[in-house]
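This report refers to the structure that appears directly beneath it.
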Amino acid sequence: MSLRILQNNSKMKTFQDNYKNECPKSGIRQKYFQHSIFKTLTDIKEFYEGLSGNDESSTILAIKGYINVNWDIFASISNTVDSIITLLERGRVNDSIALMRKFNDAVIMSVYLLIMIEKGEKNFLEIDYASLYDNVLNQWVRGEANLIEKKDNEDKMEAYMTVIRERDYKLYDLLFSKQNKKVFGQGRSSFNDNIHYNKLDSFLWNNDAFLDYDTCISVLNEAENTIKLISAIHFAYVALIRPMALKAEDYSSSVAPFVDDFFQQYIVPKYSTLADYLKQCSFLTFDE
């Protein structure tokens, strides 16, 4: 690297440091740093962190090996959300949106995986052990295959969603109503645009010293709505397919306190019909 580039980089860093010291978090900048997405993401991070330690059973019949699928995936998602928070706090809005897309895809893949495990466990006593342990789940664990292999121009996300839809048509309709599909589609499209820099403005959403806070607040509003929906989707399928991850430590059917807090704060107010469906279909007991 040339001396001139090093000097320019040094000047830029000095400018940014001075800017942050001299410009307090007031006005529109304060609105950004006080945006509700910070609390939402923190609650979601802590929810997944709780799940990762709550479902300690590694006995998953459909997968042979030492991996605890739920623990590993929930912990990974919690860390991804933590990274999103860190980036937003540093004014790296564009980078954070790229991780929001990762969060979206991780949740959909996790739901698909839960459904595949459920199918495998139902067939456990009916299929030869050798055949069962050589299925796509175990090949994936061993790094020998993807969960869904892309064929030609096939959309892998649509392949995941087809399996998810078939698992429970009523639940799918609740989660992907016309309005929810719009939120999910627009949010995911926005996340994708920023990963590929399809919008010129997105180049400017990565530096606290130069952020267009008005625009970024609009971006965060849309992102927060999408993230809440994605979290609700994951919550619903975990509650129905892997309820032990939500269960309290005692032997009752009550959900863990941190789970009920999340349910009451993020599911009941915004997705009341879904909340009623989960109370009806899951053996878990939620507080009234």
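What list of ³J(HN,Hα) values in whole Hz, one per residue of the stretch 112-119 in order, does the Karplus curve 6.51 cos²θ - 1.76 cosθ + 1.60 (θ = phi - 60°) give from phi, with Gly and Pro shown as x?
4, 5, 4, 5, 5, 5, 4, 4
Using the per-residue mean of other Cβ atoms lying within 10 Å as a proxy for protection, in what order, highest first, do the peptides 28-40, 105-117 fall?
Those peptides, ordered most packed to least, come out 105-117, 28-40.
Around THR40, with a cut-off of 9 angstrom between Cβ atoms, what is the net charge of the other residues, counting Lys and Arg +1 and Asp and Glu -1?
So the surrounding residues net to 0.
Between LYS247 and residues 5 or more places away or on another chain, which pairs have amide H atoms under 5 Å apart, with H built 1.01 Å from N, and which residues are they?
Amide H neighbours of LYS247, under 5 Å, 5+ apart: ALA256.
For MET244 and THR162, calculate 0.36 nm times their separation in residues minus their Cα-Cα distance, and state this gained length in nm to one decimal.
So the extension gain works out to 27.0 nm.
Which entries in LYS122/LYS156; LYS45/LYS122; LYS170/LYS228 show an alpha-carbon gap greater than 22 Å?
In this structure, LYS122/LYS156; LYS45/LYS122 lie more than 22 Å apart at Cα.
So what's the net charge close to MET100: Lys and Arg +1, Asp and Glu -1, counting the other residues with Cβ under 14 Å from its Cβ?
0
Given 0.36 nm per residue, what is the gain on full extension from ASN198 to LYS178 after removing their alpha carbon distance, in nm?
Contour length minus Cα-Cα distance gives 4.6 nm.
Quick one: which residues, 5+ away or cross-chain, put their amide H under 5 Å from the amide H of THR285? H built at 1.01 Å from N.
The list, which skips near neighbours in sequence, is SER254, VAL255.
We did not get these values from a lab; they are worked out from the coordinates using the rules stated. None of the values given here were measured: they were computed from a predicted structure. Using ideal geometry, Cβ is built from the backbone for each residue, glycine included, and neighbour counts are taken over all protein chains shown.
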